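The structure under discussion appears below in the form of structure tokens.
The values are calculated or read from the model by the stated rules, or taken from the named source; none is laboratory data. This is a predicted model, so every value here is computed, not measured. When we count neighbours, we look across all protein chains shown, and the Cβ atoms used for this are built from the backbone with ideal geometry, even at glycine. Side chains are part of the model used for accessible areas, which takes the heavy atoms of the whole protein and leaves out ligands, DNA and RNA. Shrake-Rupley method; radii C 1.70, N 1.55, O 1.52, S 1.80 Å.
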Amino acid sequence: MTGADSRRFARPGRRGAPDTTVTMYQPTRPPCSERVAIRNLSYHVRRWGEGGKGTTPLVLVHGWMDVGASYQFMVDAFSQAFVDGLEIIPPDW
């Protein structure tokens, strides 16, 4: 192994170890979290965007044992042109 390769695989705490600092993901489009009453039950939903009167929201449905917050990465990846005037709603059932 060359010097560069050995530094890349060095154990933390040893001289020459790589920086192992982890930065938490920072959303570029933070959601609004709220509760919605449907048929006398309270459901948690996240919302991105305002939408407008007469516009159809984009509803993102996740599978079992997942949460609406898992769509944060996808919503952040959408282009600004796509999300302008759009309301995005992933409900937590």
With the requirement that a residue be open to solvent by less than 50 Å² (accessible area, probe 1.4 Å) and over 12 Å from the mean Cα position of the chain (by Cα), what does region 78-93 give you? V83, L86, E87, I88, I89, P91, D92
Is there any pair linking a residue in region 39-53 that is more than 14 Å from A69 (Cβ to Cβ) to one that is open to solvent by 100 Å² or more (accessible area, probe 1.4 Å) and not in a loop (DSSP other than H, G, I, E, B), with Cβ under 7 Å and at least six apart or on different chains, and which? S42/R35; Y43/R35
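Table: residues versus (1) modelled with pLDDT of 95 or more; (2) open to solvent by less than 60 Å² (accessible area, probe 1.4 Å); (3) part of a helix (DSSP H, G or I).
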| residue | (1), (2), (3) |
| --- | --- |
| A10 | no, yes, no |
| D19 | no, no, no |
| Y25 | no, no, no |
| G54 | no, no, no |
| D76 | yes, yes, yes |
Scanning region 56-71 for residues that are closer than 17 Å to W93 by Cα, of a type outside the set (S, T, Y) and open to solvent by less than 60 Å² (accessible area, probe 1.4 Å) gives L58, L60, H62, G63, G68, A69
Which numbered condition R29 fails, given (1) part of a loop (DSSP other than H, G, I, E, B); (2) of a type in the set (K, R); (3) at pLDDT below 90: (3)
Specify the residue that is modelled with the lowest pLDDT; the eligible residues are those in region 56-74 that are out of contact with any strand residue (DSSP E or B) (no Cβ under 9 Å at 6 or more places or on another chain) and of a type in the set (F, W, Y). W64
